[in-house]
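All of the numbers you see were taken from the coordinates with simple rules; none came from a lab. What you see is a predicted model, and the numbers here were worked out from it, not measured in a lab. Neighbour counts run over all protein chains shown; Cβ positions are idealised from the backbone, glycine included.
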Amino acid sequence: MVCTRFLPSEEPATSIKKWIAHSDGFARGKVIINEGAKQALIEGDSASSVLFVGVVRIDGDFEKDDIVKVMDEEGNQLGVGKAQYKSDDARKLIGKKGKKPIIHCDYLYLF
């Protein structure tokens, strides 16, 4: 008999993160990040946000609070999150330091 087994996550997810995790199909755009930002998200011991200093490109048009995909430069999807800016404003801040994150860690779900 063939079956699928789902194992629970070692870390409990908040209801907001659960909602974001299941919203992948509603993503309106993509935030492409560099290798340093990718490593900070994947290997970081603490919660990490997507900062503009690590963003290399923004694809698509979206509004503030829309769901967006987080991608690496090779086109691999790393997760989904809720955008803190609309796409036009976010494009102007690519590579900048000291700005509010484009996706806050509380609204980011990594695969």
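Considering each residue of segment 42-62 in turn, none proves to be touching a Phe, Trp or Tyr at 6+ places or on another chain (Cβ under 7 Å) and surrounded by fewer than 20 Cβ atoms within 10 Å (Cβ to Cβ).
Please go through segment 42-65 and give me each residue that is farther than 16 Å from G79 by Cα and of a type in the set (S, T, Y), ordered by number. Residue satisfying the conditions is S46 alone.
Which ones in segment 92-111 are surrounded by fewer than 13 Cβ atoms within 10 Å (Cβ to Cβ) and more than 19 Å from S15 (Cα to Cα)? Spell out how you get there, then give the answer.
Restricting attention to segment 92-111, the residues satisfying the condition of being surrounded by fewer than 13 Cβ atoms within 10 Å (Cβ to Cβ) are 92, 95-98, 100, 111.
If the condition is that a residue be surrounded by fewer than 13 Cβ atoms within 10 Å (Cβ to Cβ) and more than 19 Å from S15 (Cα to Cα), then K92, G95, K96, K97, G98, K100 are the ones that fit.
Scanning segment 13-41 for residues that are surrounded by fewer than 18 Cβ atoms within 10 Å (Cβ to Cβ), β-branched (V, I, T) and closer than 16 Å to Q84 by Cβ gives a single hit, I16. Only residues that are out of contact with any Phe, Trp or Tyr (no Cβ under 7 Å at 6 or more places or on another chain) and hydrophobic (A, V, I, L, M, F, W, C): list them for segment 63-89, please. Residues satisfying the conditions are V70, M71.
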